[in-house]
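One structure is given here, and the rest of the page talks about it.
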Amino acid sequence: MFMYVNKEGVFRNKEYPNVLKYDGFLSVVPNADPIRLAYETLNNKPFYNVHTVFGVQTTDFKDTPKTRVCHWGCIWDKARGSEAYQRLYYMLDQTDYFDLYGHPSSWVKMNLKSYRGLLPVDDHTVVDTIANCGIALVLHSHEHIKGGVPTSRIFEAAAASAVIMCDHHPFVEKEFGDSVLYIDPNQAPEKVFAQIDAHVKWVHDNPAKAIELARRSYAIFMERFTLENELLKIAELYESMSKK
């Protein structure tokens, strides 16, 4: 939301007038009040909104071995594209357990031997690939963290029955709690790598406990964040609007 409000926290309606022309909203931000206030003031009609996430469809839990670390996505922000993160990627690349997927424009130039290419955009390949690895590394941009909006990677990882390693994000900490292994990326890359490596060694040394940890994050996903659940919320929003 900080991208759309001024220093006083008021929505910049003159810069984003089209936003206020919609009939209803699906908001991923924790608090849509700035838009609501501008919408109700300028349009003199109710503000219909439902908080949503970019969930994944329901899956079956896979108690497969948790052996490799999967990291997937692209670099579109200054944080994850920084020199510090690149040093982290290079250190992970030297291990024998790291698999990296994403758009070539983000990764090919780094010449990493762990880069496996771009995953197809369909309804199962991403989740299946993470599940085959068993451990997921989820990293957010500074914008994600500042805005309180999670990357959809967290839901894909949980749906894949993976042990999740994630940076400290308010949404993840609130919703997934201690079902996730946390890392602090605001340190020297060597220390961040040491955190990740220690988590991986724990998973390898404790396979039964690792599966139970993955089962907990999977259960949270299934209860709160499946795509089916999000679609029902959208349908309910539409029905409430159509009755007015």
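Return a whole-number percent for the relative contact order of the chain, with Cα pairs under 8 Å and 6 or more residues apart as the contact set. Before the final figure, lay out each step's value.
Values: 350 pairs, mean separation 55.4, N = 244.
Here the relative contact order equals 23 percent.
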Practice item. Find how many whole Å separate the alpha carbon centroid of the range 178-244 from the alpha carbon centroid of the range 62-76. Key: 12
Exercise for review: Mind checking which of ALA188, LEU231, LEU37 is farthest towards the positive end of the chain's charge dipole, using Cβ charges of +1 (Lys, Arg) and -1 (Asp, Glu) about the Cα centre?
Suggested key: LEU37
**Study point:** Those Cys residues of the chain for which no other cysteine Cβ falls under 4.7 Å
**Key:** CYS74, CYS166
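Kirkwood hydrodynamic radius (Cα pairs, Å) of the range 1-131? Mind showing how you got there, number by number?
Details: mean 1/r = 0.0539 Å⁻¹.
It works out to 18.6 Å.
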**Study point:** Reachable lysines, given that their alpha-carbon falls under 19 Å from the alpha-carbon of LYS78 and they are not under 8 places away in the same chain
**Key:** LYS109, LYS146
Revision key, fill the gap. Quick calc, the chain, dipole around Cα centre from Cβ unit charges on Lys, Arg (+) and Asp, Glu (-), nearest 20 debye, gives 520
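Every number in this text was worked out from the coordinates using simple rules, so none of it is lab data. Just so it is clear, the model here is predicted, and its values are computed rather than measured. Note that each Cβ is placed from the backbone with ideal geometry, even for glycine, and that neighbours are counted across all protein chains shown.
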